[in-house]
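The values are calculated or read from the model by the stated rules, or taken from the named source; none is laboratory data. A quick note: this is a predicted structure, and the numbers were derived from the prediction, not measured. As a convention, Cβ positions derive from the backbone with ideal geometry for all residues, glycine included, and neighbour counts pool all protein chains shown. Please note that ligands, DNA and RNA were not included when accessible areas were found on the heavy atoms of the full protein model with its side chains. Shrake-Rupley method; radii C 1.70, N 1.55, O 1.52, S 1.80 Å.
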Amino acid sequence: MDFTFAQEQEDLRDAVRSFLRKRAGEAARRELLHTGYAFDREIWRSMARDLGLQTLAVPEERGGSGASFLESMIVFEETGRELFSGPFFSTVLATWVLEASASDAANTALQQVADGDLVLTAAIADESATRAVATPGGHRLTGAKARVTDLPVADAFVVWAQTAEGPSWFLVPAGADGVETTAEESLDLARPIGTLRLTDTPATLVVGPGQAVAVRESVDTRACVALAAELVGTAQAALDQSVEWSKSRHQFGRPIGSFQALKHLCADALVEVEAARVLTHYAGWAIADGQADAPVLASMAKQAAADAAAQAAGNNIQIHGGIGATWEHEAHLWLRRAKASGALFGTPRQHRARISDLLPV
């Protein structure tokens with residue numbers, strides 16, 4: 001097995017990193033600290049039209065780029081590194097559901113995402129049971145969904161709901177009758193969350209009961225690896241910041257990085273980050289190659305990346321001393337992302353339990 005990326009994939013990484021640093025990097029993070037979350041639609045359209053990022057793994061005949069999951073994973077790692085304040089994870093998550101549908105509604109939505117004209121998010125976790133009732137004019141949904149990422153900026157929702165025949169996926173426009181959104185306080189300032197309430201809301205069926213469960217399992221696996229890639233990027237950014245500060249900050253006439261205690265903090269974080277990176281890349285390859293053990297590898301990658309990001313971001317705050325704990329310095333942003341994304345789609349403890357269940361004894 002070759003663990004190195006092809007030159008085209010490295011070129012993609014370089015292009016995404018350069019784009020994000022120029023359009024959504026340190027300056028955007030500083031704006032986030034002072035003015036709060038603000039989604040830039042022009043950057044979003046440029047990501048779609050100039051780089052084709054939102055539908056990388058969607059087939060070309062459906063408006064995508066026809067790449068593998070590995071290319072998407074590379075982009076997730078870079079958005080995590082820059083702490084990108086945009087609905088990239090949420091939208092791609094929803095497109096994984098839509099690409100399993102051959103409906104006209106799914107095709108239209110995928111094309112709009114590819115053009116940068118549509119922001120999606122997936123509403124999966126129930127706050128109260130979400131049920132769909134078939135009517136002569138289509139389906140109507142009633143229920144509430146919790147912890148919906150990027151809810152305030154989404155143009156439409158891909159909703160998991162129960163029908164009389166079994167669970168299914170539905171597409172719901174944000175402006176539909178009976179839609180109520182409530183923004184919740186988010187630990188991660190760069191990724192808002194909220195509660196979606198639906199009351200007799202008209203919805204379009206995109207994936208029916210016969211296929212919905214398999215699609216959800218596939219989406220869960222890919223979501224874990226996507227978040228793991230983001231967390232690896234976040235962990236690397238926090239570690240880089242620690243090392244740079246350790247070299248430039250002087251105390252007692254020498255760089256603080258020359259002290260043994262700080263060397264240990266950086267070295268420990270480096271070991272965790274590299275282990276998480278290898279696991280994540282391996283899990284991404286397993287998904288792209290259709291390997292049967294992809295679900296267990298996804299859990300291994302998710303828990304390792306969550307732990308690595310929390311350690312690297314926590315160590316970064318310690319190494320920065322008092323300024324690492326102030327609102328004005330961005331060090332806390334990395335820790336917020338590490339903790340919040342570490343809990344999405346299962347905490348490290350939940351994934352360790354899942355690994356023990358999935359692995360053969």
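Taken over the range 238-291, the alpha-carbon convex hull comes to 59 cubic angstrom per residue. Note on the range 162-278: Kirkwood hydrodynamic radius from all Cα pairs is 18.9 Å, rounded to one decimal.
For the chain, the longest principal axis of the C-alpha atoms and the axis of helix 348-358 are separated by about 60°.
If you wrap the Cα atoms of the range 146-201 in a convex hull and average its projected area over all directions, you get 4.1 nm².
Projected onto planes of every orientation and averaged, the convex hull of the alpha-carbon atoms in the chain covers 19.2 nm². Over the range 71-168, all Cα pairs binned in 10 Å intervals from 0 give whole-percent P(r) values of 14, 41, 34, 9, 1, listed from short to long.
Bridgeable aspartates and glutamates around K145 (alpha carbons under 17 Å apart, same-chain partners fewer than 8 residues away excluded): D126, E127, D155, D177, E180, E184, E185, D200, D220. To the nearest ten degrees, helix 26-35 and the longest principal axis of the Cα atoms of the chain are 70 degrees apart. Put the Cα centre of the range 285-360 next to the Cα centre of the range 42-100 and the gap is 21 Å. In the range 228-361, Cα pairs under 8 Å separated by at least six residues give a relative contact order of 32 percent.
GNM on the chain, alpha-carbon springs under 10 angstrom: the most fluctuating residue among G314, G290, G257 is G290. Residue order by solvent-accessible surface for H264, H139 is H264, H139, largest first, with ligands and nucleic acids left out and a 1.4 Å probe.
Of all the options P136, P59, P255, the one that moves most in a Gaussian network model of the chain with Cα springs shorter than 10 angstrom is P136.
The gain in end-to-end length when the E217 to A134 segment is fully stretched comes to 27.4 nm, 0.36 nm per residue minus the alpha carbon separation.
Straight-line reach from K302: which lysines have a Cα under 17 Å away, not including same-chain ones fewer than 8 places off? Within the straight-line limit of under 17 Å, K302 reaches these lysines: K339. The angle between the Cα long axis of helix 260-288 and the longest principal axis of the Cα atoms of the chain comes to about 30 degrees, rounded to the nearest 10. Exposed loop sites here are GluC sites (Glu not before Pro) in DSSP loop states with at most 14 other C-beta atoms within 10 Å. What is the longest stretch of the chain lacking them? Counting only loop sites that pass the neighbour cut-off, the longest clear stretch is 1-164. Annotation: Cα Rg of the range 203-261 relative to the compact-globule expectation 2.2 N^0.38 Å equals 2.18. Relative to one another, the C-alpha centroids of the range 115-150 and the range 216-249 are positioned 29 Å apart.
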